[in-house]
Each structure stands twice: as C-alpha cells, then as structure tokens.
Amino acid sequence: MSILPIYVFDHPILRKKADIINSIDDSLIAFIADMKQTMHYADGIGLAANQVGSPLSLTVIDISPMSGYEQTKPLTLINPRILYYSDEDTDFDEGCLSLPYLRDTVIRPEAIQVRFMDENMKEHTIEADGLLARVLQHEIDHLHGIYFSDRLSSIRKTLMQNKLKKISRGDISPEYDIILSNGELITFQEED
C-alpha cells in the first residue's frame, strides 16, 4: 500500500464527472487500499477517487475516528447513487482534504438513501442520517465535480475566494502531499 498525493482546488480532475466502474480487478483492489491508507494518513473521514487523481466513481468513508461513531464500519462505495433525500435539512461545519484548512457551514438534507456496489460488485442500499449522511453526500458530490464550497451562498463563496486562490497556488502546507491545479507535486516535509 502507498500514500497517494491529494489533488487540491482548481485541478481539472476535481470538476470531472466520475466514470462508472464495470468490473473489479487486482489493480482496483490495490487502489482502494491505497485510498483508505491515504485518507487515514491525511486524517480524513472520506475520500473520493478524483481527489487522488482517478476519474473512477469510487469513494471510501470511515467515520469511526469521530466521537460517537467508533462502532461504524468503514465503507467502500463503487458507483454510489443517492436515491432519496429527506425533507429535513441540517447545517454542519464541513472541511475537505482538497480544500486544506478551509471550513464552512453547509446545509444538506439530514437523511439519505444510497445505492452502491461493494468491492465484490455486490449491490447494497443503505439509509443514513447524521454524520454518515453528510459524508456520503460530500463524497458523492466530489464524484459529480462539486466542492462543498459550491453549496454555499454567493456571499460566503465570495468571502473565501482569496483562500481558494492560495490553495490553488500552493500557498498552504497541509501535512500530506498535494497536486496543484497545474499538476505540480508539493511534498509534505516533516519538521525534525
């Protein structure tokens, strides 16, 4: 397994709609393992394939590090699709590994129903609410080329433009390797 660099704001792959996966092979299983390791290394609770440079419709989620969710099993979702959104909305402070150090309050449906395939291409349908519903929506948005910042009011989007430009230029130092919009790799250097 290896840690993959995370693509950050304004890289074209992050705006591309993901490609459907039709079959699983050993290289895809290895890639999923790399995604999980990368997500954990970067202290994330969700990671979409395009965030590590792949156009595939695939995301991994593990909210078990969060207080109150320790017993929640990690998920690998291939070709996920939201079938149902609740009428009730909730707001929550969201962040994103592709938008390092940027957080804002996002309003999303409280509960959803999602259909997806697992690593064995077996179909599942789950209902989720709370944090899991939020992370599912956030990661599935990525697979459609949508950032959480796209869901903010126009005023909030305007207020974060300077921060987004800093991320795009690489004027940030997250504790993981990143790929800028121009394709440049910025390697995380640990302090001695």
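Of all residues in region 73-94, exactly one satisfies the criterion of being open to solvent by 40 Å² or more (accessible area, probe 1.4 Å) and of a type in the set (Val, Ile, Thr), namely THR90. When the residues of region 119-130 are filtered to those that are touching a residue at least 40 places away in the same chain (Cβ under 8 Å) and assigned to a loop (DSSP other than H, G, I, E, B), the one that is nearest to ILE32 (Cα to Cα) is GLU119.
With respect to the conditions (1) closer than 24 Å to ILE13 by Cα; (2) touching a Phe, Trp or Tyr at 6+ places or on another chain (Cβ under 6 Å); (3) part of a strand (DSSP E or B), PHE116 lacks only one, and its number is (2). For region 56-72, the criterion of being open to solvent by 40 Å² or more (accessible area, probe 1.4 Å), outside any strand (DSSP E or B) and either under 21 Å from ASP19 (Cβ atoms) or in contact with a strand residue (DSSP E or B) (Cβ under 8 Å, 6 or more places away or on another chain) (or both) is met by no residue. Could you grab me the full set of residues in region 95-107 that are surrounded by 15 or more Cβ atoms within 10 Å (Cβ to Cβ) and either closer than 30 Å to ILE24 by Cβ or among the hydrophobic types (A, V, I, L, M, F, W, C) (or both)? Hits for region 95-107 are CYS96, LEU97, SER98, LEU99, LEU102, VAL106. Inside region 138-176, residues that are more than 17 Å from the chain's Cα centre (by Cα), part of a helix (DSSP H, G or I) and under 17 Å from ARG108 (Cα atoms) make up a count of 3.
In region 131-169, the qualifying residues are those that are without any contact (Cβ under 8 Å) to a residue 60 or more places away in the chain and either among the aromatic types (Phe, Trp, Tyr) or in contact with a Ser or Thr (Cβ under 9 Å, 6 or more places away or on another chain) (or both), and the one that is nearest to HIS11 (Cα to Cα) is ARG169.
If you go through region 13-51 and keep only what is open to solvent by 20 Å² or more (accessible area, probe 1.4 Å), under 17 Å from ILE140 (Cα atoms) and either assigned to a helix (DSSP H, G or I) or touching an Asp or Glu at 6+ places or on another chain (Cβ under 8 Å) (or both), you end up with ILE13, ARG15, LYS36, ILE45.
The values are calculated or read from the model by the stated rules, or taken from the named source; none is laboratory data. None of these values were measured; they are calculated from a predicted model. Neighbour counts run over all protein chains shown; Cβ positions are idealised from the backbone, glycine included. Each accessible area value is taken on the protein alone, full model and side chains, heavy atoms only, with ligands, DNA and RNA left out. Shrake-Rupley method; radii C 1.70, N 1.55, O 1.52, S 1.80 Å.
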